Amino acid sequence: MEINKKAWKDVFGLKIRGVQVRKGETVAIPEFNKVQCYGQCLRNLAAEIKHFHVCGLKVDQRLLAMIVTTIIVPRGSNHSTLNEGYLILMYCIQHNIQVDWIYVFHDHMLKAKRFTDFRLPYVVLVFKFIEYFGIDVEDELEESTGLLNHTSNQNLHKIGFLKVGNACTTAGAVVGGAHDHEAGSSGANKEEEPTAGPIDLIPYNLLDDRGPVY
């Protein structure tokens, strides 16, 4: 089985195009600076940057960080701290820079095979390729997803989200923004959290990802 350009296009409509980026590989985006990128995402733009924590980010950037760290290229269990690789993808997405997603997925899948700290979240992708090439998996081992495959309430809380019924919202929205423990979220240039409401609530099942196999 060779997953070539034709297979990617036939199965997912993806073409090999865009910038090829990852941690330590930013030649295609020379203007990228991880400190500046992170600083522009902070709610408190004047905050001193010591660590790249998710909790200090604006709501939209926090949600983007969650998607990148738990769904696109998940690694380990610490999703509350951003490394350079995560910031690179966030930077490209926010600046409408076309990313070669085939390169990103392929690179992550190879790392998931070599390193135990990397997770393989692409269950649908792998299944589609198996179906496309007509591979018989009748006698193969099966593994069901369990609680470890889902985004836990604890992980949500670490990055500033809380589960409310079947949806999740920001901690600041639940208490009306009156009490906020987020690092670097107070002071000048602080943006107010939106109050909780039907539009502000994010469907929790979007975060209940059944992809990663641990």
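Assess whether VAL104 counts as being in contact (Cβ under 8 Å) with a residue 40 or more places away in the chain and assigned to a helix (DSSP H, G or I).
Yes: the conditions hold for VAL104.
Would a scan of segment 18-36 turn up a residue that is assigned to a helix (DSSP H, G or I) and within 27 Å of ILE102 (Cβ to Cβ)?
yes
Per-residue answers, yes or no, for (1) in a loop (DSSP other than H, G, I, E, B); (2) on the phi > 0 side of the Ramachandran plot; (3) touching a residue at least 60 places away in the same chain (Cβ under 8 Å):
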position	(1), (2), (3)
GLY39	no, no, no
LEU45	yes, no, yes
LEU63	no, no, yes
MET66	no, no, yes
THR70	no, no, yes
TYR86	no, no, no
TYR91	no, no, yes
ILE97	yes, no, yes
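Taking the stated definitions as given, is ALA7 in a loop (DSSP other than H, G, I, E, B) and farther than 13 Å from LEU82 by Cα?
no
For GLN94, only one of the following conditions fails: (1) surrounded by 15 or more Cβ atoms within 10 Å (Cβ to Cβ); (2) within 24 Å of THR169 (Cβ to Cβ). What is its number?
(1)
How many residues, within segment 107-135, are in contact (Cβ under 8 Å) with a residue 60 or more places away in the chain and either within 27 Å of GLU25 (Cβ to Cβ) or in a helix (DSSP H, G or I) (or both)?
11
Condition first: exposed (fewer than 15 other Cβ atoms within 10 Å of the Cβ), of a type in the set (Lys, Arg) and over 19 Å from MET1 (Cα atoms). Now tell me which residues in segment 97-141 satisfy that.
ARG114, the sole residue that qualifies.
As an exercise: evaluate ASN33 against (1) under 18 Å from the mean Cα position of the chain (by Cα); (2) surrounded by fewer than 18 Cβ atoms within 10 Å (Cβ to Cβ) and give the number of the one condition it does not meet.
Failing condition for ASN33: (1).
I'd like to verify a number: residues in segment 1-19 that are within 21 Å of CYS92 (Cβ to Cβ) and surrounded by 15 or more Cβ atoms within 10 Å (Cβ to Cβ), how many?
From segment 1-19, those within 21 Å of CYS92 (Cβ to Cβ) are 8, 12-19; that's our starting set.
When the remaining residues are screened for being surrounded by 15 or more Cβ atoms within 10 Å (Cβ to Cβ), the result is 8, 12, 14, 18-19.
Of the residues in that region, 5 qualify.
Computed from the coordinates by the stated procedures, all read-outs in this text should not be read as laboratory data. For clarity, every value in this text was computed on a predicted model and none was experimentally measured. Note that we place each Cβ from the backbone using ideal geometry, even for glycine, and neighbour counts take in every protein chain shown.
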